[in-house]
1. Considering A:Val130, A:Val158, which residue is of a type in the set (A, V, I, L, M, F, W, C), touching a strand residue (DSSP E or B) at 6+ places or on another chain (Cβ under 7 Å) and either in contact (Cβ under 8 Å) with a residue 40 or more places away in the chain or under 18 Å from A:Lys76 (Cα atoms) (or both)?
2. Exactly one condition in (1) part of a loop (DSSP other than H, G, I, E, B); (2) surrounded by 12 or more Cβ atoms within 10 Å (Cβ to Cβ); (3) more than 19 Å from the chain's Cα centre (by Cα); (4) away from every other protein chain (no Cβ under 14 Å) is not met by A:Ile15; state its number.
3. Considering only segment A:63-73, I want to know if a residue exists there that is closer than 30 Å to B:Gln74 by Cα and either more than 14 Å from chain B (Cβ to nearest Cβ) or among the acidic types (Asp, Glu) (or both).
4. Which of the residues belonging to segment A:68-83 are out of contact with any Asp or Glu (no Cβ under 8 Å at 6 or more places or on another chain) and either on the phi > 0 side of the Ramachandran plot or touching a residue at least 40 places away in the same chain (Cβ under 8 Å) (or both)?
5. Of all residues in segment A:117-131, how many are closer than 16 Å to A:Tyr49 by Cβ and in a helix (DSSP H, G or I)?
6. Among (1) at pLDDT 95 or above; (2) of a type outside the set (Lys, Arg); (3) under 13 Å from the mean Cα position of the chain (by Cα), there is one condition A:Leu156 misses while meeting the rest; what is its number?
7. Give the residues of segment B:31-53 that are within 30 Å of A:Ala91 (Cα to Cα) and over 12 Å from the mean Cα position of the chain (by Cα), sorted by residue number.
Amino acid sequence: MIYSILNYLDSKGMIGRASAHCDIPCGIYDPGPALIAAVSVVRLMDIAYDGASDDPVALANLRARCTLRKEEEAEKVKQEIRVIWGDYFKAPLLEAHPNVHGLVHSIMQKASACKQDVHREDGLALVELVNEFAEIFWTTKSVETVRKTCPYPPKLKVVYPVLAD
Amino acid sequence: MLEPGAFAVFKKSRAYAAGDVLLVDHPRFGTIVKRVADVGEKTLWLEGANATSLSRESMGPIESKSVRGKLVYQIQRGA
């Protein structure tokens, strides 16, 4: 009851705001790093499979490095998306985009699947989910987006903002 | 610790102690809520409750004129 009254007063701009939980209260949010990390997951899967060497130790080393980096990049996807979802998306944006909660949960699940195994289809699905998240994010900024093939392997379609200048 | 979306009441005080949760007008980070980590002669050092919070060094020494008050009460969602 008290909270509802305060919430109403807040909606009328009668209560000041302060940042207490954001990582850095600078207001800079961008899904770009999450997309790069998601694409990196696919790339690392490809390298792990395509890497060839007559030296079994060298091949084991390459695959170990790919697995380690894949783990880190998938975790980075989760961290970047969690911060945007948790810190940037406030009640009005969530009301306008009610599917964000489900989408973020799917990203968490798919990123974990990418960590657990090396199924390329999981990596591709992760990129697609983060693409969808990026499109919603830029919509909240009234910024148009375009899907273009990223200019580096694995050359997947990635969402880019169309900035005015 | 403040819950996300909580409403908080702050009260101006003559002096603040380590552990107090303050509302601060920070020159670079805007209006923030942080805990007092250490009290100097003329300045305060702040810290966040989360591991990923800004470090006390990045927030720098805080002059008392930047402090708007100490947390005395909070109303959480559902109250």
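The values are calculated or read from the model by the stated rules, or taken from the named source; none is laboratory data. These figures come from a predicted structure and were not determined experimentally. Methodologically, a virtual Cβ is constructed for each residue, glycine included, from the backbone with ideal geometry; neighbour enumeration extends over all protein chains shown.
1. Answer to the check: A:Val158.
2. The number of the failed condition is (4).
3. The answer is no; no qualifying residue exists.
4. A:Lys70, A:Glu71, A:Ala74, A:Glu75, A:Lys76, A:Val77, A:Glu80, A:Ile81 - these are the residues of segment A:68-83 that are out of contact with any Asp or Glu (no Cβ under 8 Å at 6 or more places or on another chain) and either on the phi > 0 side of the Ramachandran plot or touching a residue at least 40 places away in the same chain (Cβ under 8 Å) (or both).
5. Residues that pass the stated criteria total 5.
6. (3)
7. Within segment B:31-53, B:Asn50, B:Ala51, B:Thr52, B:Ser53 qualify.
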